[in-house]
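The values are calculated or read from the model by the stated rules, or taken from the named source; none is laboratory data. Predicted, not measured: the structure shown is a model, and the values here were computed from it. Because the Cβ atoms are built from the backbone with ideal geometry, glycine has one as well, and the counts that use them run over all protein chains shown.
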């Protein structure tokens with residue numbers, strides 16, 4: 001049953017493969033586009049950004065006047081000295097009252113201003129979180145793509161390695177059958193074939209895990225993947241240049257800078273409670289048969305109204321102190337993020353330089369091992385080399401090919417990681433924001 005469910009899942013994912021290259025091969029860009037289009041966290045952050053943008057418009061609305069309309073109509077029984085003296089005490093009347101008030105805030109201690117600026121900073125933070133998440137998901141897709149390509153190549157190399165060992169085994173077996181070889185060499189060759197097959201089993205298992213991770217990250221099955229493109233032109237000559245770009249453009253930095261502004265504006269808004277509030281208002285009130293009278297009243301006003309809270313149990317003071325602590329917290333978060341980016345750039349630069357050196361050395365080692373294998377094979381055929389020498393040389397060629405392929409893929413990935421640290425992965429891959437910023441119509445309608 002579980003196998004059936006898994007098969008159905010893989011089949012459905014295969015049907016959902018997005019459009020890609022004309023030859024049916026999915027490029028690295030295709031993988032990234034598919035990942036950022038379907039990732040639920042990106043959709044959540046899009047909705048968060050939309051909500052914060054609406055909150056900023058709400059804060060802007062506080063600068064405009066408000067118009068209130070009230071009306072009352074019903075039955076009233078009213079008693080006072082006048083009604084008791086004129087004989088109309090406790091008589092039921094049908095009073096009505098209608099009032100319109102137009103209020104314009106004049107001064108509120110800059111509460112509205114700080115509120116609007118805070119929501120603007122929150123929007124900047126929301127935009128930064130969205131971009132940061134897109135870059136992170138994009139880099140995860142790059143990692144998944146590179147891993148599948150790398151392991152497929154390692155599986156192919158492992159299959160070639162088995163074929164090479166099997167060829168040697170067949171040759172030894174023929175010699176044994178012809179009386180020119182010994183059974184110990186045949187057993188040794190069979191052992192090396194079994195070891196080569198074990199390596200294939202290991203790489204195949206790792207490939208299946210990588211393909212499953214690709215499906216989880218990208219949302220589609222990795223049918224045919226193109227090799228990742230190596231982009232050395234996007235790597236400055238020094239780590240300091242990369243660090244400068246990362247500190248200037250990494251979206252995490254923008255997020256935490258905006259969070260500092262949010263905390264500062266919150267503190268400013270709380271400080272506004274220390275000032276009086278002044279409103280201007282126009283009102284018109286009409287009453288009829290209200291409060292025991294048998295006539296109507298028209299009351300029109302144009303007034304200034306001031307209010308100043310003098311004491312509030314020190315709550316305002318401690319609210320301001322809390323906000324000040326939040327500012328320091330945001331500043332510390334920014335410093336922590338900056339330190340982490342510095343560490344990541346340094347570590348990635350070390351990985352990049354290491355992979356370049358490894359590629360150079362493994363290329364040399366591979367060339368030498370191939371030449372050695374050719375010479376060992378000729379010497380083995382004339383009895384100047386043992387089977388163990390030949391098997392070791394064959395395995396050395398395979399090992400160098402595996403190490404070279406791994407180092408090459410590590411080099412390619414570190415370039416994309418640099419771009420993500422600089423906040424320019426999507427830009428470099430020419431993936432427009434519209435690719436992931438289109439929310440479903442039904443979601444927006446709700």
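Name the residues in region 285-331 that are assigned to a loop (DSSP other than H, G, I, E, B) and surrounded by 15 or more Cβ atoms within 10 Å (Cβ to Cβ), would you? First the steps, then the outcome.
As a first pass, look at region 285-331 and keep what is assigned to a loop (DSSP other than H, G, I, E, B): 289-295, 308-314.
289, 290, 292, 293 - these are the residues of region 285-331 that are assigned to a loop (DSSP other than H, G, I, E, B) and surrounded by 15 or more Cβ atoms within 10 Å (Cβ to Cβ).
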Residue match in region 360-383 (condition: surrounded by fewer than 13 Cβ atoms within 10 Å (Cβ to Cβ) and not in a helix (DSSP H, G or I)): yes
Which listed residue, of 166, 229, is part of a helix (DSSP H, G or I), at pLDDT below 95 and surrounded by fewer than 19 Cβ atoms within 10 Å (Cβ to Cβ): 166
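What about residue 410, is it in contact (Cβ under 8 Å) with a residue 24 or more places away in the chain and within 22 Å of residue 159 (Cβ to Cβ)? Before the answer, list the steps.
Values: in contact (Cβ under 8 Å) with a residue 24 or more places away in the chain: yes; within 22 Å of residue 159 (Cβ to Cβ): no.
Spelling it out, it is not the case that residue 410 is in contact (Cβ under 8 Å) with a residue 24 or more places away in the chain and within 22 Å of residue 159 (Cβ to Cβ).
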Top-ranked residue of region 175-189 - restricted to ones that are in contact with a helix residue (DSSP H, G or I) (Cβ under 7 Å, 6 or more places away or on another chain) and in a helix (DSSP H, G or I), ranked as surrounded by the fewest Cβ atoms within 10 Å (Cβ to Cβ): 183
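From the list 118, 112, which one is in contact with a strand residue (DSSP E or B) (Cβ under 8 Å, 6 or more places away or on another chain), more than 30 Å from residue 370 (Cα to Cα) and assigned to a helix (DSSP H, G or I)?
Details: 118 fails: in contact with a strand residue (DSSP E or B) (Cβ under 8 Å, 6 or more places away or on another chain).
Selected residue: 112, the only one of 118, 112 that is in contact with a strand residue (DSSP E or B) (Cβ under 8 Å, 6 or more places away or on another chain), more than 30 Å from residue 370 (Cα to Cα) and assigned to a helix (DSSP H, G or I).
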Pairs, first on the phi > 0 side of the Ramachandran plot and surrounded by fewer than 16 Cβ atoms within 10 Å (Cβ to Cβ) in region 190-218, second modelled with pLDDT of 95 or more and outside any helix (DSSP H, G or I), C-beta under 7 Å, six or more apart: none
Qualifying positions in region 314-330 - in contact (Cβ under 8 Å) with a residue 24 or more places away in the chain and under 26 Å from the mean Cα position of the chain (by Cα): 326, 327, 329, 330
